[in-house]
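J.: One structure is given below, represented as structure tokens, and several questions about it will come after.
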Amino acid sequence: MRYFMEEIYRDEVNVPGYGKYTFVIATYGARDDRYAFGSYHEVMVDPEHCLPVGHRGFKEEVIATMREELDYALHPITCDVPGFENVFAPISERDAEVLAKALKFMEGR
């Protein structure tokens with residue numbers, strides 16, 4: 001199924017070890033009542049194969065996923081197993097700010 005995505009929000013994110021990427025929120029659906037969020041590539045270029053589970057759906061579903069991700073960013077899981085310390089590494093403070101701004105945007109939409 002191919003969606004026509006209309007971008008409604010954009011911000012730049014810098015991920016340590018990966019570099020910069022563009023974070024977007026887009027609408028789609030017959031009445032623009034569904035939303036998707038993630039990197040520009042995930043949302044706008046290849047949404048059928050790249051969007052993580054929970055990153056698309058109705059407004060409340062997307063807001064719930066964004067809240068969960070922000071909560072994890074602010075209260076990360078720690079791992080004391082040698083060699084796995086960075087598997088659950090918290091996102092950067094800047095990334096958390098971007099997600100918080102995007103969540104506020106969605107809640108006010």
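The values are calculated or read from the model by the stated rules, or taken from the named source; none is laboratory data. Computed from a predicted structure; not experimentally measured. Note that each Cβ is placed from the backbone with ideal geometry, even for glycine, and that neighbours are counted across all protein chains shown. Note: areas computed on protein heavy atoms with side chains; ligands, DNA, RNA excluded. Shrake-Rupley method; radii C 1.70, N 1.55, O 1.52, S 1.80 Å.
J.: Give me the angle, in degrees from 0 to 90, between the Cα long axis of helix 93-108 and the longest principal axis of the Cα atoms of the chain, rounded to the nearest 10.
T.: Rounded to the nearest ten degrees, it is 30.
J.: While we're here: May I ask you to list the lysines whose Cα is less than 25 Å away from that of LYS59, ignoring any residue fewer than eight positions away on the same chain?
T.: LYS101, LYS104
J.: Quick one: grab Rg to one decimal and Dmax as a whole number for the chain, Cα atoms only, in Å.
T.: Using the Cα atoms of the chain, the pair Rg, Dmax is 14.6, 50 Å.
J.: Can I ask one more? Give the calculated FRET efficiency between ALA30 and ARG67 to the nearest 0.05, with a Förster radius of 25 Å applied to their Cβ-Cβ distance.
T.: My answer for the efficiency is 0.40.
J.: On average, how much accessible surface per residue is there in the chain, in Å², for a 1.4 Å probe, leaving out ligands, DNA and RNA?
T.: Averaged over the residues of the chain, the accessible area is 64 Å².
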